[in-house]
Amino acid sequence: AQSVAQPEDQVNVAEGNPLTVKCTYSVSGNPYLFWYVQYPNRGLQFLLKYITGDNLVKGSYGFEAEFNKSQTSFHLKKPSALVSDSALYFCAVRESGGSYIPTFGRGTSLIVHP
Amino acid sequence: GAVVSQHPSWVICKSGTSVKIECRSLDFQATTMFWYRQFPKQSLMLMATSNEGSKATYEQGVEKDKFLINHASLTLSTLTVTSAHPEDSSFYICSARIAVVEEQFFGPGTRLTVL
């Protein structure tokens, strides 16, 4: 079975400060991990993914995420937050070799204050 | 990048009527499409997975006779909400999967309001 947890419903950060949105996962084998962003009344936009290779993955809009196998985490980070980064962020996981249907976290609302 | 469109972007209908939502992959062929439902400030709820030319696979608790899914071609899937009721009001999102790059591409969503 595969599962993903986003422990924070909301993250608040001041513009210009670094941001972190947390994600932990559980799979039986190797994970494929994804981050998506959703703006109000819009569909999800792909940010980045980890399939294999370097643990640090760089994605769109200056976001990056680090795969940590020992901590089963895939936290999303950005060095300097923008007000326009305010949105809903979803982490997703699926097990390599398992079902191709990913499991999504419940989402974390990121609010960047001017 | 790959683009997925949905039509309509919003629809208001009377209780008891049926509503069809289209999901198209514009510049790629999608062997698998997914339909999600999202309530306000909540996560995505997978409703069903559809593969081109075959019957959709519905998640537990989703009524297949109420939410009819047709995946007639590699670029088009439709979701029909039959005999809609106010509790069906929601944001419906489709996505299409490209297996070779291990990515899902999402449509912009359809806001359904049933009066």
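The values are calculated or read from the model by the stated rules, or taken from the named source; none is laboratory data. Everything quoted here is computed from the prediction, not taken from an experiment. No Cβ is skipped: glycine too gets one built from the backbone with ideal geometry, and neighbour counts run over all protein chains shown. Note: areas computed on protein heavy atoms with side chains; ligands, DNA, RNA excluded. Shrake-Rupley method; radii C 1.70, N 1.55, O 1.52, S 1.80 Å.
Somewhere in segment A:50-59, is a residue among the acidic types (Asp, Glu) and farther than 29 Å from B:Phe91 by Cα? So far as segment A:50-59 goes, yes, one or more of its residues are among the acidic types (Asp, Glu) and farther than 29 Å from B:Phe91 by Cα.
If I ask for residues that are outside any strand (DSSP E or B) and at the interface with chain B (Cβ under 8 Å from one of its Cβ atoms), which ones from segment A:33-50 would you list? Passing the criteria: A:Asn41, A:Arg42, A:Gly43.
Looking at segment B:1-96, the strands (runs of 3 or more DSSP E) lying wholly inside it that each contain 3 or more residues that are of a type in the set (A, V, I, L, M) sit at B:44-51, B:67-73, B:76-81. For segment A:1-22, the candidate set comprises residues that are under 18 Å from B:Lys41 (Cα atoms), touching a residue at least 24 places away in the same chain (Cβ under 8 Å) and assigned to a loop (DSSP other than H, G, I, E, B); within that set, the residue that is least open to solvent (accessible area, probe 1.4 Å) is A:Gln6. If A:Val112 satisfies every condition in (1) more than 14 Å from every other protein chain (Cβ to nearest Cβ); (2) of a type in the set (Val, Ile, Thr); (3) in contact with a Lys or Arg (Cβ under 9 Å, 6 or more places away or on another chain); (4) open to solvent by less than 50 Å² (accessible area, probe 1.4 Å) but one, which is the exception? For A:Val112, the exception is condition (3).
Checking the structure you have, find out if any residue of segment A:49-66 is open to solvent by less than 10 Å² (accessible area, probe 1.4 Å), touching a residue at least 12 places away in the same chain (Cβ under 8 Å), among the small types (Gly, Ala, Ser) and closer than 24 Å to A:Asn17 by Cα. Within segment A:49-66, one or more residues are open to solvent by less than 10 Å² (accessible area, probe 1.4 Å), touching a residue at least 12 places away in the same chain (Cβ under 8 Å), among the small types (Gly, Ala, Ser) and closer than 24 Å to A:Asn17 by Cα.
Across segment B:2-55, the qualifying residues are those that are among the basic types (Lys, Arg) and surrounded by fewer than 18 Cβ atoms within 10 Å (Cβ to Cβ), and the one among them that is nearest to the other protein chains (Cβ to nearest Cβ) is B:Lys41. Here A:Ser80 does not qualify as within 11 Å of chain B (Cβ to nearest Cβ) and either in a strand (DSSP E or B) or among the small types (Gly, Ala, Ser) (or both).
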